[in-house]
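The values are calculated or read from the model by the stated rules, or taken from the named source; none is laboratory data. Just so you know, these numbers come straight off a predicted model, no measurement behind them. For neighbour counting, all protein chains shown are included, and Cβ atoms are generated from backbone atoms with ideal geometry for every residue, glycine included. Note: areas computed on protein heavy atoms with side chains; ligands, DNA, RNA excluded. Shrake-Rupley method; radii C 1.70, N 1.55, O 1.52, S 1.80 Å.
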There are 2 protein chains.
Amino acid sequence: MERILIALLPDFVGKEVIVKGWVHRIRQLGGINFVILRDRTGTVQTVFQKSEELSGIRNEMVVEVGGKVVSEPRAPGGIEIHVNSCRLLGDVYYGTSIPLEISNQRAFDRAELGPVLEHRPLSLRNSKVQAIFKIESELIWAFRQFLKQRGFTEIFTPKIVASGTEGGAELFKVEYFEKTAYLAQSPQFYKQIMVGVFERVFEVGHVYRAEKHDTSRHLNEYLSLDYEMGFIDDEQDVIAVEIELLKYMFSHTKKVCGAELELWGAEVPEFDTIPQITLKNALQLLEEKYGKRAKSKADLDPEGEMLICKYFKEETGTELVYITHYPTSKRPVYTMPDDKNPEVTRSFDLLFKGLEVTTGSQRIHDYAMLVKNMEKFGLKPEDFDFYLQVFKYGMPPHGGLAIGAERLTKQLLDLPNIRMAALFPRDIASHSLP
Amino acid sequence: MERILIALLPDFVGKEVIVKGWVHRIRQLGGINFVILRDRTGTVQTVFQKSEELSGIRNEMVVEVGGKVVSEPRAPGGIEIHVNSCRLLGDVYYGTSIPLEISNQRAFDRAELGPVLEHRPLSLRNSKVQAIFKIESELIWAFRQFLKQRGFTEIFTPKIVASGTEGGAELFKVEYFEKTAYLAQSPQFYKQIMVGVFERVFEVGHVYRAEKHDTSRHLNEYLSLDYEMGFIDDEQDVIAVEIELLKYMFSHTKKVCGAELELWGAEVPEFDTIPQITLKNALQLLEEKYGKRAKSKADLDPEGEMLICKYFKEETGTELVYITHYPTSKRPVYTMPDDKNPEVTRSFDLLFKGLEVTTGSQRIHDYAMLVKNMEKFGLKPEDFDFYLQVFKYGMPPHGGLAIGAERLTKQLLDLPNIRMAALFPRDIASHSLP
């Protein structure tokens, strides 16, 4: 007999079925023996005739259960299975009790992040944890879908590189045969090269930052959602694509992950457009409105990011805001200076509920200008020969951005720690490597 | 005026348009001045009134051209643009001549792979080279699409790992803060863990092999298309999914990349099913049919792979064949032994035109059996604590496989070297790092 997925059982009321899954929970109630069974589509209550049949059954065992699907208003979902047969498919080998109560949401919610990560193979089975990764995968699915529809080509660029894209700090070293190589901080150089080929490209892939931060917002290996597009007028074209892209990603996720969003009490942002403010005006606003004097004129600190989002939430109702025109000295060498004021760049960050989730800009596309800028930044153009090559052969005005997938998921679900949005997070802490 | 993509120009005959793209080729013929313009959708012939207008125009410059679309049977595609205006968007900075004639296919086809890779930002602009990556990205697109439709969830697992999945040889070392870590050889451990969560998972991501091979079939960083599925009866369930998956990938690619396949004179394989032969029988067949005595009873050598495919091509018409039941000693520790004969495993390779493109198997899902097998292999179970954890909590019978994306593309297009199927190949040779 063919296995029936739990979510499809309502179509089989009155019929004999086989279901397969994990023993989610065992309950003995008023002399009745319930086993809640879990598969990838949900849970169902099964009823065993005699308590002896339950002996030896433990949480997380994998079983095949045969029985009749019966309508039962008191059962969760209105149906249950009256069990005729139960066969063990996968045994368990833990001690007297399971280290994390994944089937008891209240208990699980009280667990500290440390044990949750330490027992990752188990904690990922909790339905709220599963929901995070279902949502993340659908956000990424929609990212690709939208860009493909807009004529972008998917690319896969190397993660072992000869040098950094942003100057060389915070790189992980790799022993590459007789050489030293690094893990890529970003697909920046490659995606620009590919603008010369396909005009519009995107990539979903890991990037690496050897930052010694141990914060709730940093990972040392994270998923970067990148796109880069040619033949733009300026950075506003890049922003315009992202606004439509985010609308698409959010509405797709709302459509297919309704139940998962509800588990987290999360609602996807809805907006027509996203407000913009220059960094200079943002700093001024912080001072005037909140009496907050910036330590640096070059960036917002975390508190500043929170307050700016709070302000725009109150003023416009949206939880997203672009900060534009970061100073030239604080942006990577390839960032296009603003033609009206070369002290600032055609760059932007996107803040979402007080956290930067995107960085982007128009890039310099003229070879001579880029070489000159490298020299101004104290970089040696000969160290970037391979990258510079593309600019010798004609590059259109272009720009792009990168979205941090785990940050976007974290903010969407209001997760307190970004590690919760990575299956097996890589951070500086010792528990992070397995 | 809005830019019109070249592929859409036939809808604009008689109208004034703006096109943007690269100067693909300049031709002066019988006093007429042609510039062939290229954008991401194709090329078009543009006609300049006076030869003076061409002065300063060089190959690969990026220009915006305004003019009238005119029907012209002698022009390639039957239309041309009579140019009114031409504006430079991106200048070129190479010497007197361009290092690779990307617009002259015959000349380009004669170029050696060395210079082609050295000038990668330029060579990728050649239309036959572009076609490779269009096809590869569509194969991968279809891989995801098919599996998602079958209830698989996409996952993203770390590439920085604490140990190897296959015993520890051929790993790239990474300096991970105060520790030594490695680049993942495969997502094997993680995708198995995720079977415990989503039952069916897939991943598209880079994997790393520090093999010192410098062959036409090895890359040190390659794209692995992985899936893993729970609740199988045996490895034949994994194979059955792959057969349908490959049909889908090939037919999708045929549908959307007809022109690109034609550039390479390639046809996608069509088949109802894929023949299978055990390794033992394959070795016997090689000896009986071709007088080829195997040096090793544990694997096929490259010549053996070629001959087996030749045999099945002649016998059954298909260019794909599964080799099954590899010896237990030659397969990774997690491979399920065959219950009828524990000397061999429930494993398989898929050969395509004489090259292995897939490796897969049923895996051991019982904790006690896996620990015992590790000890038999001389491995210390305590080195695999994190991985072994999942088997303590109930795992269903499961299996999976990995397809090498670049190998699949190489074989489909009959490329002589796998480096041609990687945008920026990573190999042991010195030119490979930038």
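All but one of (1) within 20 Å of the chain's Cα centre (by Cα); (2) within 19 Å of B:Leu219 (Cβ to Cβ) hold for B:Arg144, so report the exception by its number. Result: B:Arg144 passes all but (2). Might you check whether a residue that is more than 9 Å from chain B (Cβ to nearest Cβ), over 20 Å from A:Leu388 (Cβ atoms) and surrounded by fewer than 23 Cβ atoms within 10 Å (Cβ to Cβ) occurs anywhere in segment A:224-231? Checked against the condition, which is being more than 9 Å from chain B (Cβ to nearest Cβ), over 20 Å from A:Leu388 (Cβ atoms) and surrounded by fewer than 23 Cβ atoms within 10 Å (Cβ to Cβ), segment A:224-231 yields at least one hit.
Scan segment B:260-283 and give yes if some residue there is charged (D, E, K, R) and surrounded by 19 or more Cβ atoms within 10 Å (Cβ to Cβ), otherwise no. Checking segment B:260-283: at least one residue is charged (D, E, K, R) and surrounded by 19 or more Cβ atoms within 10 Å (Cβ to Cβ). Starting from segment B:384-403, keep only residues that are closer than 11 Å to A:Val62 by Cβ and more than 7 Å from every other protein chain (Cβ to nearest Cβ), then list their pairs with residues that are in a strand (DSSP E or B) and of a type in the set (Gly, Ala, Ser) whose Cβ atoms are within a distance under 8 Å, requiring at least 6 positions of separation or different chains. Going by the 8 Å Cβ cut-off, the qualifying pairs are B:His398/B:Gly230. Of everything listed in (1) open to solvent by less than 40 Å² (accessible area, probe 1.4 Å); (2) in contact with a helix residue (DSSP H, G or I) (Cβ under 7 Å, 6 or more places away or on another chain), the single unmet condition for B:Phe250 is (2).
Does at least one position in segment A:391-405 carry a residue that is among the hydroxyl-bearing types (Ser, Thr, Tyr) and part of a helix (DSSP H, G or I)? There is no residue in segment A:391-405 that is among the hydroxyl-bearing types (Ser, Thr, Tyr) and part of a helix (DSSP H, G or I). The combined condition, being free of Cβ contacts under 8 Å to residues at least 60 places away in the same chain, in contact with a Cys (Cβ under 6 Å, 6 or more places away or on another chain) and over 17 Å from A:Asp234 (Cα atoms), is not fulfilled by A:Gly317. None of B:Thr96, B:Thr165 is more than 9 Å from chain A (Cβ to nearest Cβ), surrounded by 16 or more Cβ atoms within 10 Å (Cβ to Cβ) and at pLDDT below 95 except B:Thr165.
In this structure, A:Thr43 does not qualify as β-branched (Val, Ile, Thr) and surrounded by fewer than 17 Cβ atoms within 10 Å (Cβ to Cβ). Of all residues being open to solvent by 10 Å² or more (accessible area, probe 1.4 Å) and of a type in the set (A, V, I, L, M) in segment A:168-194, which is nearest to B:Lys148 (Cα to Cα)? Just the residue, please. Filtering first and then ranking leaves A:Leu171.
Select from segment A:132-162 the residues that are modelled with pLDDT under 95 and open to solvent by 30 Å² or more (accessible area, probe 1.4 Å) and list them in ascending order. The answer is A:Ala162, and nothing else. Taking the numbered list (1) touching a strand residue (DSSP E or B) at 6+ places or on another chain (Cβ under 6 Å); (2) outside any strand (DSSP E or B) in turn, B:Lys310 passes all entries but (1). Within segment A:26-60, restricting attention to residues that are at pLDDT below 95 and of a type in the set (Lys, Arg), the residue that is nearest to the chain's Cα centre (by Cα) is A:Arg27. Of the candidates B:Lys340, B:Lys372, the single residue that is basic (Lys, Arg), open to solvent by 10 Å² or more (accessible area, probe 1.4 Å), assigned by TED's automatic domain parsing to the domain that holds B:Leu147 and part of a helix (DSSP H, G or I) is B:Lys372. Listed by position, the strands (runs of 3 or more DSSP E) contained in segment B:1-51 that have at least 1 residues being within 11 Å of chain A (Cβ to nearest Cβ) are B:16-29, B:32-39. List, please: which pairs have Cβ atoms under 8 Å, are six or more places apart or on different chains, and start with a residue in segment A:9-31 that is assigned by TED's automatic domain parsing to the domain that holds A:Cys86 and aliphatic (A, V, I, L, M) and end with one that is part of a strand (DSSP E or B) and open to solvent by 60 Å² or more (accessible area, probe 1.4 Å)? From segment A:9-31, the pairs are A:Val13/A:Ser71; A:Val17/A:Lys68. Going residue by residue through segment B:135-142, is there one that turns out to be more than 7 Å from chain A (Cβ to nearest Cβ), touching a His at 6+ places or on another chain (Cβ under 6 Å) and in contact (Cβ under 8 Å) with a residue 60 or more places away in the chain? Yes. Filtering B:Val174, B:Val204, B:Val195 for residues that are free of Cβ contacts under 8 Å to residues at least 24 places away in the same chain and either within 7 Å of chain A (Cβ to nearest Cβ) or aliphatic (A, V, I, L, M) (or both) leaves a single hit, B:Val174. Among the candidates B:Val256, B:Val333, single out the residue that is assigned by TED's automatic domain parsing to the domain that holds B:Ala240, more than 17 Å from B:Thr358 (Cα to Cα) and over 23 Å from the mean Cα position of the chain (by Cα). Within the list B:Val256, B:Val333, the selection yields B:Val333. For segment B:404-416, state whether one or more residues are away from chain A (no Cβ under 14 Å) and at positive phi. Within segment B:404-416 (the criterion being away from chain A (no Cβ under 14 Å) and at positive phi), the answer is yes, since at least one residue qualifies.
Filter segment A:52-75 down to the residues that are under 15 Å from A:Asp39 (Cα atoms) and either away from every other protein chain (no Cβ under 14 Å) or in a loop (DSSP other than H, G, I, E, B) (or both) and list them by number.
Within segment A:52-75, A:Asn59, A:Glu60, A:Met61, A:Gly66 meet the criteria.
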